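The block underneath contains the structure these notes are about, expressed in C-alpha cells.
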C-alpha cells in the first residue's frame, strides 16, 4: 500500500527560510574599499634667526609638530639672519647644545640650512672654549654645524 503525503511547497520554504537567512551573508561579495593614494611627502623649512627673540634655536614644539607628521620627509632649520660675528666660542657651544635637542627629536629628519658667519678675527677653528673673550667658533662646533647642514663662513668670505 502506498501512502500519499500532502506536500506543501509553502511549508517547505518556511522551514528552509531560517537556514537561507543564515547563509545569505556568506554568499555576499565582499565590498572592497577603494584605496586612496598616499599623500605626497614634502619638506618643511622653519625660518629662524639668532636675533628674533626665540633664542638659540626655534621652539621645540614647532619642530616636534613637524617631525611627528609622517608625511614630512625633512625638517630644515633655516638660519635666515646669519650675523653671529659677535658670538663668543661659548655662545656657539650653547647654540649647538640647544639645536641638538631639536635634532634629537628625529635625527634622520631634522637638518640645518643657511650660513653661520663667524668673526673674521677668531674664525671657526679656535682650539677650545677657554678663550672666553675671543669672538669666533671652536673647531669642534664648526664641524658639528657643517655635519648637520649649516655652512660656516668667516665674515667677509664669499659664499659659494
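The values are calculated or read from the model by the stated rules, or taken from the named source; none is laboratory data. Remember, it's a predicted structure, so these values are computed and weren't measured experimentally. For neighbour counting, all protein chains shown are included, and Cβ atoms are generated from backbone atoms with ideal geometry for every residue, glycine included.
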Subject >> Single unsatisfied condition, residue 72 versus (1) at pLDDT 85 or above; (2) under 30 Å from residue 138 (Cα atoms); (3) surrounded by 14 or more Cβ atoms within 10 Å (Cβ to Cβ) >> reply: (2)
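Can you spot a residue in segment 145-154 that is surrounded by 15 or more Cβ atoms within 10 Å (Cβ to Cβ), in contact with a strand residue (DSSP E or B) (Cβ under 7 Å, 6 or more places away or on another chain) and modelled with pLDDT under 85?
no
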